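Laboratory data are not the source of any read-out in this text; all were calculated from the coordinates shown. Note that the structure is predicted; figures quoted are calculated from it, not measured. Backbone-built Cβ (ideal geometry, glycine too); neighbour counts: all protein chains shown.
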Amino acid sequence: MKKSIIAAISTLFILLNCAQTKEEKTMQTYVEEPHSFAQPNKAVITHLDLDIKVDFDKKIISGKATYDIRNNKASEIILDTKYLDIISVQADGENTAYKLGKDDEQLGRPLNITINEGTQKISVVYKTTDKTEALQWLTPQQTADKTHPFLFTQGQAILTRTWIPIQDSPQIRVTYNATVEVPSELMAVMSAENPKKKTADGVYHFKMQQPISAYLIALAVGDIEYRAISDRTGVYAEKSMVNKVHSEFSDMEKMVAAAEKLYGDYDWEQFDVIVLPPSFPFGGMENPRLTFATPTVIAGDKSLTSLVAHELAHSWSGNLVTNATWNDFWLNEGFTVYFEIRIMEALYGKERANMLALIGRQDLDDELESLKESPNDTKLKLDLNGRNPDDGMNSIAYDKGYLFLRTLEETVGRERFDTFLKAYFKEHAFSTTNTEDFVAYLNKNLLEKYNISFNTEEWIYKPGIPTNQAIIQSDAFENVEKTLKTFIETNTIDAAATQEWTPQEWVHFVRNFPKDISVEQMETLDEIFDFTNSTNSYIAMVWFEQAIINNYHGHEVDTKIAEFLTTVGRRWYVTTLFEAYKKSNRVEEALAIYKTARPNYHSVTANTIDTLLGHKG
Ligand SMILES: [Zn+2]
């Protein structure tokens, strides 16, 4: 046999082999999913072509969603929808029969579309309604510049189905192209390749070539501008904000470089952040290529930019390797908090990283206290069948997840742990994983490999915190605690000694006021440090919480709290404050504020506060 023939045969063999691996990958088996009607093992979407128009007058999005599908000889394909008007449905270009199933309060309605075993493409012509939960339409008054309206979407956890009919399960990934028409004075951006300038006609074309889960499809429309930080990082914001945002986030390229050093290449090419109006319900949302962020992190001193490190970390944990179901949410968030703190350590040192970790540790203690009647909700692996996946978005997934990984790191040693994590992300890139698969991978590739025994099962499947938890220590915080203790005992404080304190130290100081702090002591502290007028949203928030709990009314703090609650819609902040009212038996006051504030909130914040205050939306 001639060499060239051997070469040709082995090339053919390699090609066949590759094809087979690829095919095996695409023929993945999907696990049982409590929060989607889709039956992906029968027929699954693989690519979306979205063609929509955004109408600010009617407050609707209308258009057509066309899908390439992988069809396992199925006679129907099922999409998730909620509060959508379905106008017509096509299979391979011809109108086909469809049926909208029974409405479920959490999940919406299944859209059963008739196909045949050869069907390759389906399309749905549809429009959103005034109930659509993912969208928030803002008036000019609700924006920073106050001249143009604004729209943004929030897909996580199961809201993408309220603006696009889709198979809305995190284990189903699609690539997408989109054409979006908006009023010509506005710019549209998505979790995709984005424009850097406005077009003349208001028509924008998008491409997302890496497959992503439905909850990561995102759109924002407003009078925004782009400012680059490096070749692959930059910010979008309204005109009056863009310079501030640019200087606040100027370390973004350094963050990407630090993250790559830890976990391998950044696989999404571009990393931009858009700062949205203050009603955005989360600190940030890790939409691929374009993180959505709250303006409350613009503190003027880069002190709250760990949020950017967090959303960037999701480019690995969450977006690259995705939780298969919302019961595995800790895989997204626990890893991300761990990465966030490692990125912050690489950039700003161990002390800052430990301060962040300790703030999370206190959040975790608070969460454990509030969940003491429902210990099952303190397990990392959750069972959210029949419940809203939002119920799992709390400190357990984030901070217990972090503590588990940190404890693991300290047990096996950082070097081994980093090598393990890097390999884990490389091997699972652009796929989804669940808790059981992760545990098997961990046992095989780390614990058994080095013959280390570790109580993984207890950490993941049992309530509460195991006793072998890592002990986190910060000299800076110990000093803060001493200063606070002295003040409480003597009513004096050495203000000069606090001059160099970071916002994290201030947050720790205020959060740890003893239960019996007097109104006079609150007054003294406000007198010296002017907490009521703090321009750092985090310090302001924890101070307002203390003011509510301790019935402190000085320095017009009540007016400030009401103002804060009616402009900021970040769920964590407003929930903390409304909870404080509730704990202090001041629900009437809370409801009076909420009445004015509620129209400014996105549905995910409003739903949480409705439940908390017993408000009938
Ligand atoms: Zn996160």
Check: What shape does segment 266-418 have by the C-alpha gyration tensor, where a ≥ b ≥ c are the square roots of the eigenvalues, rounded means a/c under 1.5, and otherwise prolate means a/b greater than b/c and oblate the rest?
Finding: rounded
Notebook entry, point to check: Restricting to lysine pairs 8 or more places apart or on different chains, what number in segment 406-538 have Cα atoms under 24 Å apart?
Noted result: 7
Notebook entry, point to check: 222 nm [θ] for the chain, helices only, -39500 (n - 2.57) per DSSP H run of 4+, per residue, to 500?
Noted result: -12000 deg cm²/dmol
Next item on the list: Past 25 Å, Cα to Cα, is the threshold; run 254/302; 254/400; 53/121; 198/239; 197/302 against it and keep the listed order.
Entry: 254/400; 197/302
Next item on the list: State which stretch of the chain is the longest one without any exposed chymotrypsin sites (Phe, Trp or Tyr not before Pro), exposure meaning a DSSP loop state and at most 14 other Cβ atoms within 10 Å.
Entry: 1-429
Margin query: For the pair residue 416/residue 458, report the inter-label distance in nm, with labels modelled 7 Å from Cα in the Cβ direction.
Written below: 1.9 nm
Note to self: Could you tell me the center-to-center distance, by alpha carbons, between segment 426-468 and segment 165-195 in angstrom?
What the structure shows: 35 Å
Next item on the list: Could you calculate the FRET efficiency of residue 520 with residue 301 from 1/(1 + (r/R0)^6), where r is the beta carbon distance between them and R0 is 22 Å, rounded to 0.05?
Entry: 0.10
Notebook entry, point to check: Looking at segment 282-379, which trypsin sites (Lys or Arg not before Pro) are in a loop (DSSP not H, G, I, E or B) and have at most 13 other Cβ atoms within 10 Å?
Noted result: 372
Check: Under unit Cβ charges (Lys, Arg +1; Asp, Glu -1), what dipole magnitude, rounded to 20 debye, does segment 316-407 have relative to its Cα centre?
Finding: 400 debye
Note to self: Can you compute 3J(HN,Hα) from phi for each residue in segment 277-288, using the Karplus curve 6.51 cos²θ - 1.76 cosθ + 1.60 with θ = phi - 60°, rounded to whole Hz and x for Gly and Pro?
What the structure shows: x, x, 7, 3, x, 10, x, x, 10, 7, 4, x
Note to self: Rounded to the nearest 20 debye, what is the charge dipole size of the chain about its Cα centre when +1 sits on each Lys and Arg Cβ and -1 on each Asp and Glu Cβ?
What the structure shows: 1880 debye
Margin query: What FRET efficiency comes out for residue 105 versus residue 230 if R0 is 51 angstrom and r is the Cβ-Cβ distance? Round to the nearest 0.05.
Written below: 0.65
Margin query: Could you compute the net charge surrounding residue 279? Neighbours are other residues with a C-beta less than 12 Å from the C-beta of residue 279; K and R count +1, D and E count -1.
Written below: +3
Checklist line | Least to most buried among 61, 517 (fewest other Cβ within 10 Å first) | finding: 517, 61
Next item on the list: Mind checking segment 90-144 for GluC sites (Glu not before Pro) that DSSP puts in a loop (not H, G, I, E or B) and that have at most 13 other Cβ atoms within 10 Å?
Entry: 105, 117
Notebook entry, point to check: So which trypsin sites (Lys or Arg not before Pro) in segment 497-592 are both in a DSSP loop and have at most 16 other Cβ atoms within 10 Å of their Cβ?
Noted result: 515, 586
Item checked: Prolate/oblate/rounded call for segment 406-541, Cα gyration tensor, a/c under 1.5 rounded -> prolate
Next item on the list: Could you work out the local net charge near residue 38, counting Lys and Arg as +1, Asp and Glu as -1, over the other residues with Cβ closer than 13 Å to its Cβ?
Entry: 0
Item checked: Distance between segment 368-384 and segment 560-580 - C-alpha centres, whole angstrom -> 25 Å
Item checked: Contact order normalised by residue count of the chain, Cα under 8 Å, 6+ apart, percent -> 10 percent
Checklist line | Spatial separation of Cα centroids for segment 79-107 and segment 220-251, in angstrom | finding: 38 Å
Check: Tally Lys/Arg at +1 and Asp/Glu at -1 over every other residue whose Cβ is under 14 Å from the Cβ of residue 521; what's the total?
Finding: -4
Margin query: Can you compute the charge dipole magnitude of segment 141-244 about its Cα centre, using +1 on each Lys and Arg Cβ and -1 on each Asp and Glu Cβ, nothing else charged? Give it in debye, rounded to the nearest 20.
Written below: 260 debye
